[in-house]
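In what follows, a single structure is set out as structure tokens and then discussed.
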Amino acid sequence: MPLIELKSVSKIYPLGSQQVIAVDDLSLSIEAGEFTVLAGPSGSGKTTLLNLIGCLDEPSRGEVWLDGQEVGGAPQPQLAKLRLRKIGFIFQSYNLIPVLTAAENAEFTLMLMGVPKSRRRQRVVELFAELGLAGLEERKPSDLSGGQQQRVAIARAMASQPAVVLADEPTASLDSQASEELLALMRRLNREQGATFVFSSHDPLVISRAQRVVTLRDGRLESDR
Amino acid sequence: MLWQLALRNIWRNRRRTLLTLSAMVISSALLILALGIFSGMLKDMLASATEQYFGHLVISAGDYQDDRDMFANFSSSQALEEQLQREPQIRGYSKRLRSFGLLSQQRNSGPAELLGVLPDQERQVTNLHQHLVAGSYLQPGDSAGAVIGSGLARRLGAEVGDSLVFVTQAADGSIGNDLLAVRGIFSTGVHRHDNSLVLVPLGWLQQLLVLPERLHEIAVKIEDPLRAASFAARLQPQLEGQLQALDWGQMLPEMREVVASYDVSRMIIVTILYIATGLGILNTFFMSVMERTREFGVLMAIGMRPGQVRRMVLLETLSMGAISLFAGVILGVLLSLYMAYVGIDLSGTLSPITYAGGTILPRLHAVLEPANILYPALSLLLVCLLAGFLPANRAARMQPVVAIREE
Amino acid sequence: MKIFLFCCFSLPLLATQVLAELNLRELIRTVEQQYSGDSSQTRIEMTVKTGHWERHLEMESWSLGRERFLVRILAPKKEKGVATLKVEKEVWNYLPKVDRVIRIPPSMMGGAWMGSHITNDDLVKANHIDQDYDFRLLSEDQQSWTIEGLPKPNAPVIWGKIVYQLQKQPLVPQLVEYFDEEMILVRQIRFTDVQTVDGRTIPLQMTVLPVEKPEEKTVMHYRQLDFDVDLQKEFFSLRQLKGRR
Ligand SMILES: Nc1ncnc2c1ncn2[C@@H]1O[C@H](COP(=O)(O)OP(=O)(O)OP(=O)(O)O)[C@@H](O)[C@H]1O
Ligand SMILES: [Mg+2]
């Protein structure tokens, strides 16, 4: 059974009197442990697809299955719970909480899950060591570089050991060297900890590092290799 | 950590938070001060009516207080006085005889109200001895002294040491007349007292009126004037014969209404002020939520439930309420204390206003009452809760996708 | 014969008309000044009765014209020497016990005079009633006239209406009724014991009855009345008030 399964999913946005078909009758399966990139030109539907997988948005048609469970139509609080348990998010512009320290940002989802403080700290120390963030625990996001911030965001996404980590253009705000490092890190986490990654990118370099490349065009699957 | 997050969010936009906090602190402090001054005025009014003249309650025969009929007199009994001395609530009582007549000094004369008193007793009930502007109070054993109001003294051209003639009709119909020596002059700011009241020795007036050993009233001062009515009701069944105990509320029904309406007007003032303050707070709270739309989107995307988001925003507003409550109460109490012990004298620009039998003195003088702190404090919390609830709800209802896209 | 008849029927008629138009004011003045005349000296016994006490006073009084009046108490002993002097609109009392003269202030003019049912105002204003009121004949019969007095606009008066009941022959008052501003009867004065003294026919007893207190009254009885006595203005002085000649 695939970890993520999309069955004939369409997402249609109303735009004034018109309709924008962002995702068009798309079917896709992703297995646990995969390292998948969503490629495709701007406007091809990458972000929309990630939102659908991440239970942030509901499909207009078709079904989204996550870890053997259909997610369509659940109320917000329940979706929130689902996201908390199963999904880690990494955003293009990091989106760390500015008033919290790096460590507090990283342990936030654990806090929401009710994990006791000492265990949270332990996990954060582990992750920070792994991500090359040791010693930066008490820094505020504004005192970190873009690459460091994005690594804290990875720590936050990984802290609760989610079934899948979704990242929408995680390297778009980084220079090429930082992008390279970040990607290597993600790849390592994928290999060593078996975390499933699904991320989108424009960057040919990033795309070339992926294990599986799903290319979209106009909301449809163009290629999958 | 929700707590921490909320507290840190408060400090995020320091300037706005400080502005909001100071608005809340100042409004609640000023409200506490204003209510304190209000209470002070009320107390002045009540004191002018009771502690300068009536006493908190008065025991008299029949309906003496209605028409002040000279013949509605009684003689005090040992038993009655012992009973009054026994009551722990009673701070003091004063036996009195009253006469209205003509007071004259050389070519000047005018109507006056003479109150025959035992000085030691009277000073326990009324505070005219604290309002002397010249001379001294009556001394026990003084046989023909008088302490007169300043307005009356001015009209008569009388000074301390002058002798006055009082003429009235005695109880036997004869023309009671005798000399009094001015011992002291008082000025209370209350026209009615300053212009007509004269304290004289009880024995002197009893002799003049040919009413030996008789009294018109026993004025009583008790611990808490606002309980005078229930105390009078309790005292009544123990009084003999024609005697009646009337509290100040019965003698001054308008004053009682003023006191009763005070609670209502206090609520109205608190409400009006806090509606204004509340709208201001609501505005800033809304702004701070809208500014963080994207952040709320992220929080919800990574798994925070709408209820938790709502709680967090409410925590923010409530802790701001708590902080400003704390500071506001302290500031308000400090201001009130200043106004209670120092106050501001306005007699240069304003004259006293007499209303409902009491006089509002031209001064700003506060009284600290628990209710004057409690009402503003509770209302502030309520306002913060209301002003926080709307933006909190708004934040909780955001769609994470939409919120994240927001720039 | 014709003329005689004419006279019999029309003369009283004529007289009434003249009275109504010309002499009502004169009539009231005569009545109001019956005890003073141009000048007078009297001795009066006054009995005052209230619900609480009854008192008996003896007094001596002098008057000159409308504006001067002096009265001194002779008995009882406690009040002997207490005196009242009125000159124009001022009233003074003398109190021998404290040897002081007290001027009655305007605010106290409504107060009782010597504990009676007569006010200080009565002393001052009664002599001006004929000037301050307008009169109208209410009714008339064989023996008496009933005359109503209403205050002139802006006149400084105390009564809202005064009704006189006068006997025609000889001309003496029988009853005067005083009404307040709301036209409610407040006080009655009855005149009795009509006698001829010093060439004048006057009632020697005057009873003041406050309507609100039916058990109370003041009775003034003139024991001696001399008119046109030799008195000078100077007699009505504060010195004389004190009883020092
Ligand atoms: N909320 C929306 N309302 C209307 N149209 C939308 C909305 N979100 C996306 N679209 C449209 O759907 C299509 C797919 O958008 P999407 O953001 O998924 O593309 P993308 O592949 O992520 O593009 P990019 O590389 O620029 O981020 C676009 O044409 C976009 O304009
Ligand atoms: Mg996109």
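Remarks
- Scan of the stretch A:207-225 for residues that are exposed (fewer than 14 other Cβ atoms within 10 Å of the Cβ) and among the polar types (S, T, N, Q), ordered by number: A:SER208, A:GLN211, A:SER223
- Failed item, numbered, when B:TRP204 is tested on (1) within 20 Å of B:GLN124 (Cα to Cα); (2) touching a residue at least 60 places away in the same chain (Cβ under 8 Å); (3) not charged (D, E, K, R): (1)
- In the stretch A:60-82, the residues that are within 14 Å of chain B (Cβ to nearest Cβ) form no Cβ pair under 6 Å with any partner that is part of a helix (DSSP H, G or I) and modelled with pLDDT under 90, whether six or more places apart or across chains.
- Checking each residue in the stretch A:152-171 for being in contact with a strand residue (DSSP E or B) (Cβ under 9 Å, 6 or more places away or on another chain) and part of a helix (DSSP H, G or I) picks out A:ALA153, A:ILE154, A:ARG156, A:ALA157, A:MET158.
- Among the residues making up the stretch A:32-52, a single one is more than 10 Å from ligand 1 (Cβ to nearest atom) and either surrounded by 23 or more Cβ atoms within 10 Å (Cβ to Cβ) or free of Cβ contacts under 8 Å to residues at least 60 places away in the same chain (or both): A:VAL37.
- Residue list for the stretch B:105-130, restricted to those being surrounded by 24 or more Cβ atoms within 10 Å (Cβ to Cβ) and under 21 Å from the mean Cα position of the chain (by Cα): B:VAL125, B:THR126, B:LEU128
- As a summary of the residue check, A:LYS86 satisfies the conditions (1) basic (Lys, Arg); (2) within 16 Å of ligand 1 (Cβ to nearest atom); (3) under 30 Å from B:ALA395 (Cβ atoms) except for the one numbered (2).
- Selection within the stretch B:148-175 - within 24 Å of B:LYS221 (Cα to Cα) and either at pLDDT below 90 or in contact with a Pro (Cβ under 9 Å, 6 or more places away or on another chain) (or both): none
- With respect to (1) in contact (Cβ under 8 Å) with a residue 12 or more places away in the chain; (2) surrounded by 15 or more Cβ atoms within 10 Å (Cβ to Cβ); (3) of a type outside the set (Val, Ile, Thr), the lone exception for B:ARG305 is condition (1).
- Options A:ALA172, A:ALA178: the member that is touching a Gly at 6+ places or on another chain (Cβ under 7 Å), among the small types (Gly, Ala, Ser) and modelled with pLDDT under 90: A:ALA178
- Set side by side, the residues B:SER265, B:SER187, B:SER174 differ, and just one is within 14 Å of chain C (Cβ to nearest Cβ) and farther than 18 Å from B:SER76 by Cβ, which is B:SER174.
- Residue match in the stretch C:107-114 (condition: more than 14 Å from every other protein chain (Cβ to nearest Cβ) and surrounded by fewer than 19 Cβ atoms within 10 Å (Cβ to Cβ)): no
- Test: B:GLY357 is of a type outside the set (Asp, Glu) and at pLDDT 90 or above: no
- Members of the stretch B:376-405 found to be under 30 Å from B:ILE269 (Cβ atoms) and surrounded by fewer than 19 Cβ atoms within 10 Å (Cβ to Cβ), listed by number: B:LEU378, B:LEU381, B:LEU382, B:LEU385, B:LEU386, B:PHE389, B:LEU390, B:ASN393
- Annotation: B:GLY249 fulfils all but one of (1) assigned to a helix (DSSP H, G or I); (2) in contact (Cβ under 8 Å) with a residue 60 or more places away in the chain; (3) within 30 Å of B:SER77 (Cα to Cα); (4) not charged (D, E, K, R); the unmet one is (2).
- Residues located in the stretch A:178-206, provided they are crowded, with 17+ Cβ neighbours inside 10 Å and within 16 Å of ligand 2 (Cβ to nearest atom): A:VAL198, A:PHE199, A:SER200, A:SER201, A:ASP203, A:VAL206
- Output for the stretch B:382-407, where each listed residue is within 16 Å of ligand 2 (Cβ to nearest atom) and not in a helix (DSSP H, G or I): B:GLU406, B:GLU407
- Scan of the stretch A:172-195 for residues that are outside any helix (DSSP H, G or I) and under 12 Å from the mean Cα position of the chain (by Cα), ordered by number: A:ALA195
- Any hit, the stretch C:120-141, residues being closer than 30 Å to C:ASN93 by Cα, of a type in the set (Ser, Thr, Tyr) and not in a strand (DSSP E or B): no
- Pairs linking a residue in the stretch C:162-178 that is within 13 Å of C:SER139 (Cα to Cα) to a residue that is charged (D, E, K, R), with Cβ atoms under 7 Å and 6 or more positions apart or on different chains, are C:VAL163/C:GLU148; C:VAL163/C:GLU177.
- Residues of the stretch A:29-64 classified as more than 16 Å from ligand 2 (Cβ to nearest atom) and more than 24 Å from B:GLY303 (Cβ to Cβ), total: 4
- You will find that of B:LEU179, B:LEU208, the residue that is assigned by TED's automatic domain parsing to the domain that holds B:GLN121, over 29 Å from B:LEU350 (Cβ atoms) and crowded, with 22+ Cβ neighbours inside 10 Å is B:LEU208 and no other.
- Being within 14 Å of another protein chain (Cβ to nearest Cβ), within 16 Å of ligand 1 (Cβ to nearest atom) and either modelled with pLDDT of 90 or more or buried (at least 20 other Cβ atoms within 10 Å of the Cβ) (or both) is a property that does not hold for A:GLU138.
- B:GLU122 meets each of the listed conditions (1) of a type in the set (Asp, Glu); (2) touching a residue at least 40 places away in the same chain (Cβ under 8 Å); (3) not in a helix (DSSP H, G or I) apart from (3).
- On inspection, A:GLY16 qualifies as within 14 Å of ligand 1 (Cβ to nearest atom) and away from chain B (no Cβ under 14 Å).
- Filter result for the condition that a residue is within 14 Å of chain A (Cβ to nearest Cβ) and either touching a Cys at 6+ places or on another chain (Cβ under 8 Å) or modelled with pLDDT of 85 or more (or both), over B:LEU299, B:LEU243, B:LEU235: B:LEU299
Residues are listed down the side, and each one gets a yes or a no for (1) at pLDDT 90 or above; (2) part of a loop (DSSP other than H, G, I, E, B); (3) within 15 Å of the chain's Cα centre (by Cα); (4) not small (Gly, Ala, Ser):
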{"position": "C:ILE202", "(1), (2), (3), (4)": "no, no, yes, yes"}
{"position": "C:HIS221", "(1), (2), (3), (4)": "yes, no, yes, yes"}
{"position": "C:ASP226", "(1), (2), (3), (4)": "no, no, no, yes"}
{"position": "C:VAL229", "(1), (2), (3), (4)": "no, yes, no, yes"}
{"position": "C:GLN240", "(1), (2), (3), (4)": "no, no, no, yes"}
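- Test: residue in the stretch C:79-100 that is modelled with pLDDT under 85, in contact with a Gly (Cβ under 6 Å, 6 or more places away or on another chain) and farther than 26 Å from C:MET183 by Cα: no
- Qualifying residue in the stretch B:257-271 (condition: of a type outside the set (Val, Ile, Thr) and not in a helix (DSSP H, G or I)): no
The values are calculated or read from the model by the stated rules, or taken from the named source; none is laboratory data. Quick caveat, the model's predicted, so the values are computed rather than measured. Note that each Cβ is placed from the backbone with ideal geometry, even for glycine, and that neighbours are counted across all protein chains shown.
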